[in-house]
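This report refers to the structure that appears directly beneath it.
The values are calculated or read from the model by the stated rules, or taken from the named source; none is laboratory data. All of these numbers come straight from a predicted model, not from anything done at the bench. Cβ coordinates were reconstructed from backbone atoms using ideal geometry, including for glycine residues, and neighbour counts include every protein chain displayed. Side chains included, ligands, DNA and RNA excluded: accessible areas come from the protein's heavy atoms. Shrake-Rupley method; radii C 1.70, N 1.55, O 1.52, S 1.80 Å.
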Amino acid sequence: MWRNGDIIPWREANTHVSAHALHYGSGVFEGMRCYETVDGPAVFCLEAHLERLYNSASVYGIQIPYARAEIADAICEVIQTNEFSSCYVRPLCYYGSSTLGVHPAKCPVEVVILTWPWATYLGAESLERGVRVTVSPWLKFQSQMMPTTAKACGQYVNSILAVRDAVSRGFDEALLLNTEGHIAEGSGENLFIVHDRQLVTNDEGHSILLGITRDVVMRIARDLGCRVETGALRLDDLLNADEAFFTGTAAEVTPICEVDGVQIKTGRRGPLTERIQEIFFAATSGRDERYKDWLHLVAPQPVEVVC
Ligand SMILES: Cc1ncc(COP(=O)(O)O)c(C=O)c1O
């Protein structure tokens, strides 16, 4: 892994127990995937993830002491050093040790990049069979309480409460409602509902993290000729949907087959979800020319010399 400018072995990547972030969650991070593509390993939507990382940091006043290009190069270096053809990538910028006052004051900003192989997030069969979800008794915090569009460490205790509750009751994932009673999102995913080939998802006005996979799926769906709308997602709309699915870097495009015991339509992956999945995975593996811009190759390509 990478820490403050150097590649170091995983076992040596220690932090002091007095680190501010360990006590108060004062850090920001990203979750990206590097996919095996026809041109070699490539990080999917690297630029968009870095944009969100720096925006999250800015909201919390965390000054990342590296330029975006340096972080991008460091990510590629860690993947290459590990010789991964595909993996998950986790850059984390957090306040280290100095004070344990709530104000981080002079705490240093530490930057680390972890990579590890990570298979399907919601279980091996979930991409085909779909997941069973439950409405969480925990509400998603609203943007005046915490910036929902930032990906900050401490914000995830809300998701942890929700997913722990869901799993303890035998479900795969939680759906969190917002303070207005509409669906916000999963503990780590955005939600799409399909009605008559029209997709509906929500936006930052509904207390969600603006997912990068969400943007990718909106583009794919529009290119397929589908209408994509953003607006409030009511529980009723979900229960009466033709299809529903989660999007996220970890969950990719995962069908939802059941909500609190109520089947969505047939209770199986819907045809549009399947088509979007196919195109999504063609894009992540570099097999769809239209979406090659989303891939950031880890190793520079040799320049072709024409004689
Ligand atoms: C709370 C939450 N919502 C949505 C998402 C999906 O975001 P993305 O598609 O950028 O991974 C994530 C994953 O990072 C998340 O943690």
Quick one: would you say Ile64 is open to solvent by 10 Å² or more (accessible area, probe 1.4 Å), hydrophobic (A, V, I, L, M, F, W, C) and either touching a helix residue (DSSP H, G or I) at 6+ places or on another chain (Cβ under 7 Å) or within 13 Å of the ligand (Cβ to nearest atom) (or both)?
yes
Just to be sure I understand, how many residues within region 50-84 are under 18 Å from Trp118 (Cα atoms) and either within 18 Å of the chain's Cα centre (by Cα) or assigned to a helix (DSSP H, G or I) (or both)?
7
Please go through region 48-59 and give me each residue that is within 16 Å of the ligand (Cβ to nearest atom), hydroxyl-bearing (Ser, Thr, Tyr) and either free of Cβ contacts under 8 Å to residues at least 60 places away in the same chain or open to solvent by 40 Å² or more (accessible area, probe 1.4 Å) (or both), ordered by number.
Tyr54
Considering only region 286-299, I want to know if a residue exists there that is under 30 Å from Leu175 (Cα atoms) and open to solvent by 60 Å² or more (accessible area, probe 1.4 Å).
no
Within 16 Å of the ligand (Cβ to nearest atom) and surrounded by fewer than 16 Cβ atoms within 10 Å (Cβ to Cβ): does that describe Thr230?
yes
Of all residues in region 176-195, which are in contact with a strand residue (DSSP E or B) (Cβ under 9 Å, 6 or more places away or on another chain), acidic (Asp, Glu) and within 16 Å of Asp236 (Cα to Cα)?
Glu185
All conditions in (1) within 14 Å of the ligand (Cβ to nearest atom); (2) open to solvent by less than 20 Å² (accessible area, probe 1.4 Å) are true of Cys257 except (1)
Could you tell me whether any residue of region 111-125 is assigned to a strand (DSSP E or B), touching a Cys at 6+ places or on another chain (Cβ under 9 Å), open to solvent by 10 Å² or more (accessible area, probe 1.4 Å) and farther than 25 Å from Gly40 by Cα?
no
I'd like to check something: does region 143-154 contain any residue that is assigned to a helix (DSSP H, G or I), surrounded by fewer than 20 Cβ atoms within 10 Å (Cβ to Cβ) and more than 14 Å from the ligand (Cβ to nearest atom)?
no
Residue identified as touching a strand residue (DSSP E or B) at 6+ places or on another chain (Cβ under 9 Å), over 22 Å from Leu235 (Cβ atoms) and open to solvent by 70 Å² or more (accessible area, probe 1.4 Å) among Arg129, Arg164:
Arg129
Pairs returned, first residue in region 32-46 that is within 15 Å of Thr213 (Cβ to Cβ) and among the charged types (D, E, K, R), second residue that is open to solvent by 20 Å² or more (accessible area, probe 1.4 Å) and outside any strand (DSSP E or B), beta-carbon separation under 8 angstrom, 6 or more apart or interchain, are Arg33/Ser86; Arg33/Trp118; Arg33/Thr249
Taking the conditions exactly as written (hydroxyl-bearing (Ser, Thr, Tyr), more than 15 Å from the ligand (Cβ to nearest atom) and surrounded by fewer than 14 Cβ atoms within 10 Å (Cβ to Cβ)), does Thr37 satisfy them or not?
no
